[in-house]
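Just below is one structure, and these are the notes that go with it.
The values are calculated or read from the model by the stated rules, or taken from the named source; none is laboratory data. None of these values were measured; they are calculated from a predicted model. We place every Cβ from the backbone using ideal geometry, glycine too, and count neighbours over all the protein chains shown.
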Amino acid sequence: MTEEINNKVTMEKIVSLCRRRGFIFPSSEIYGGLSSCWDYGPLGVEMKRNVKEAWWKDMVQSRDDMVGLDTSILMHPQVWVASGHLKSFSDPLVECKSCKKRWRADDLEKRVCPECGCELTEPRQFNLMFKTFMGPVEDESAVVYLRPETAQGMFVNFVNTVNSTRKKLPFGIAQVGKSFRNEITTGNFIFRDREFEQMEIEYFIKPGTQDKWFEYWINERINWWQKLGMRKEHLKFRQHSKEELAHYALGCFDINFLFPMGWAELEGIASRGDYDLTQHANCSGKSLLYNDEETKAQYLPYVIEPSAGVDRGMLAFLCDAYDEDIADGEERAILRLHPRIAPIKIAVLPLSKKEPLANLAREIFNNLRTDWMVQYDDTQSIGRRYRRQDEIGTPFCVTVDFQSLDDSQVTVRERDSMQQIRIPIAELKGILSAKLAGEALTEGTVGWRAHSK
Ligand code: ATP
């Protein structure tokens, strides 16, 4: 079961593949890198866009009850007073009295330094928000914070959104964007960063309906990860105990993923009552009440908040998809990514660099790239080229050979099954479109769909 893939995938292999093939690089690497900041390379940026676009399409575009926002990273400092972040968005920090290394006290099993075994200081609360100054004067009145979550941008725009869209409850606001946390301990590649992206929803509902909607969103969100190919056995829920919950929270569920270092949070789904809107109404002095036209009542809606990390999602998709097997007697590393998130959908591979074959292959490439991200590769043996595409998760390779010049047909090879079919060039786009949407390559083949079952 789970061990099957996790025997093969290690963080070292993922980090090395990501760097070698241009998914993810350390930030400012020529200067030695910057701890817990990462740059997405040519393939990483495509995959990350695909993850965010899939989320937006499924959570916003295809729903009647959702609208999107893109709010600023710097917000009025009072926002963080109202939300409680200024007072209590902190972790307990301890420092080793000998080597001076700093640790998160609640991460440690023993009360000694994990590095050198020496005595630690007493824990003190360390606020995780990044501070900066707005304008030319660096004094207390100019202090602003980089947002530690995108959520508050949606709460403070609740009335703007209702008034401009005339949405009725229940409805949600969605946002994808950067967040910043000055985490004490980072690590595990892109799992815990100081700069990262989130995909968050604030789903506003009538008070009293929170249990139904909480359950709905828990199911909706786990199904989404699975729909994009993530294996069921790599996902599980963790319900927060009463002691863990914030005083206002009605409930919280984490969707945990089996990362190479063990089970850890991928997304959190919280039932937050009317805490956030109440706080902002009190702090701003503005009415954030919702006018219920049906009942003529005025009230503050309750909210369910599904909050996922883009970078953590990327790491989970990469680990889940990583596999190794034997192809044509050779070991291959393969990313069995769902076609929706694979950075490159199709590779066009001519068997010769010379005309007239190259010309035909170029024509096919130019035609396909109007619809998809396509790579053209005419270097080295065809076996090598297949391996290269398998390693970056390209679902289909189109091979143009000498026969193609006579019969106007090409060979399409599928990544997971390695099955091949020969099809007319005129039908290529239509057939690839169906196959990328999940149709099996040939009768009896399984393809990428079987992998996600
Ligand atoms: P953790 O307990 O791992 O610190 P959290 O409970 O503080 O996470 P939330 O505030 O619920 O996280 O944030 C929602 C999501 O944002 C998380 O599930 C995660 O996917 C992502 N996220 C949070 N902090 C980070 C970070 N430092 N780096 C990358 N992703 C993060």
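Below are the figures for this structure:
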{"read-out": "Residue count, the range 9-38 (criterion: in a loop (DSSP other than H, G, I, E, B), of a type in the set (Phe, Trp, Tyr) and free of Cβ contacts under 8 Å to residues at least 40 places away in the same chain)", "value": "0"}
{"read-out": "Count of residues meeting criterion [among the hydroxyl-bearing types (Ser, Thr, Tyr), within 13 Å of the ligand (Cβ to nearest atom) and modelled with pLDDT of 95 or more] in the range 186-223", "value": "0"}
{"read-out": "Candidates 115, 109, 95, 119 - the one that is outside the structural domain of residue 220 (by TED's automatic domain parsing) and either touching a strand residue (DSSP E or B) at 6+ places or on another chain (Cβ under 6 Å) or of a type in the set (Gly, Ala, Ser) (or both)", "value": "95"}
{"read-out": "Any hit, the range 236-251, residues being free of Cβ contacts under 8 Å to residues at least 24 places away in the same chain and either in contact with a Ser or Thr (Cβ under 6 Å, 6 or more places away or on another chain) or in a helix (DSSP H, G or I) (or both)", "value": "no"}
{"read-out": "Qualifying residue in the range 345-361 (condition: surrounded by 16 or more Cβ atoms within 10 Å (Cβ to Cβ), within 24 Å of the chain's Cα centre (by Cα) and modelled with pLDDT of 95 or more)", "value": "yes"}
{"read-out": "Pick from the range 165-185, criterion near the ligand (Cβ under 9 Å from one of its atoms) and either farther than 21 Å from residue 85 by Cα or assigned to a loop (DSSP other than H, G, I, E, B) (or both), ranking: modelled with the lowest pLDDT", "value": "183"}
{"read-out": "Failed criterion for residue 165 (all others in (1) in the same structural domain as residue 52 (by TED's automatic domain parsing); (2) more than 27 Å from the chain's Cα centre (by Cα); (3) surrounded by 16 or more Cβ atoms within 10 Å (Cβ to Cβ) hold)", "value": "(3)"}
{"read-out": "Set 390, 416: member being surrounded by 13 or more Cβ atoms within 10 Å (Cβ to Cβ) and modelled with pLDDT under 95", "value": "416"}
{"read-out": "Members of the range 284-299 found to be touching a Ser or Thr at 6+ places or on another chain (Cβ under 9 Å) and either touching a residue at least 40 places away in the same chain (Cβ under 8 Å) or within 14 Å of the ligand (Cβ to nearest atom) (or both), listed by number", "value": "288"}
{"read-out": "Matching residues, the range 144-164, being outside any loop (DSSP other than H, G, I, E, B) and more than 16 Å from the ligand (Cβ to nearest atom)", "value": "144, 158, 159, 160, 161, 162, 163, 164"}
{"read-out": "Criterion: modelled with pLDDT under 95, under 28 Å from residue 361 (Cβ atoms), within 26 Å of the chain's Cα centre (by Cα) and away from the ligand (no atom under 16 Å from the Cβ) - qualifying residue of 327, 333, 342", "value": "333"}
{"read-out": "Hits in the range 269-282 - residues which are in contact (Cβ under 8 Å) with a residue 40 or more places away in the chain and either within 9 Å of the ligand (Cβ to nearest atom) or touching a Pro at 6+ places or on another chain (Cβ under 9 Å) (or both)", "value": "269, 273, 274, 277"}
{"read-out": "Unmet criterion (only one of (1) closer than 29 Å to residue 86 by Cα; (2) in contact (Cβ under 8 Å) with a residue 60 or more places away in the chain; (3) not in a loop (DSSP other than H, G, I, E, B)) for residue 213", "value": "(1)"}
{"read-out": "Selection status of residue 111, surrounded by 13 or more Cβ atoms within 10 Å (Cβ to Cβ), at pLDDT below 90, away from the ligand (no atom under 14 Å from the Cβ) and of a type outside the set (S, T, N, Q)", "value": "no"}
{"read-out": "Yes/no for residue 16 being surrounded by fewer than 14 Cβ atoms within 10 Å (Cβ to Cβ) and among the hydroxyl-bearing types (Ser, Thr, Tyr)", "value": "yes"}
{"read-out": "Given (1) of a type in the set (Ser, Thr, Tyr); (2) at pLDDT below 95; (3) not assigned by TED's automatic domain parsing to the domain that holds residue 72, number of the condition residue 132 does not satisfy", "value": "(2)"}
{"read-out": "Single residue of the range 230-256 satisfying the filter (more than 21 Å from the chain's Cα centre (by Cα) and among the hydrophobic types (A, V, I, L, M, F, W, C)) that is farthest from the ligand (Cβ to nearest atom)", "value": "250"}
{"read-out": "Output for the range 273-307, where each listed residue is farther than 30 Å from residue 233 by Cβ and either outside the structural domain of residue 155 (by TED's automatic domain parsing) or part of a strand (DSSP E or B) (or both)", "value": "273, 290, 291, 298, 299, 302, 303"}
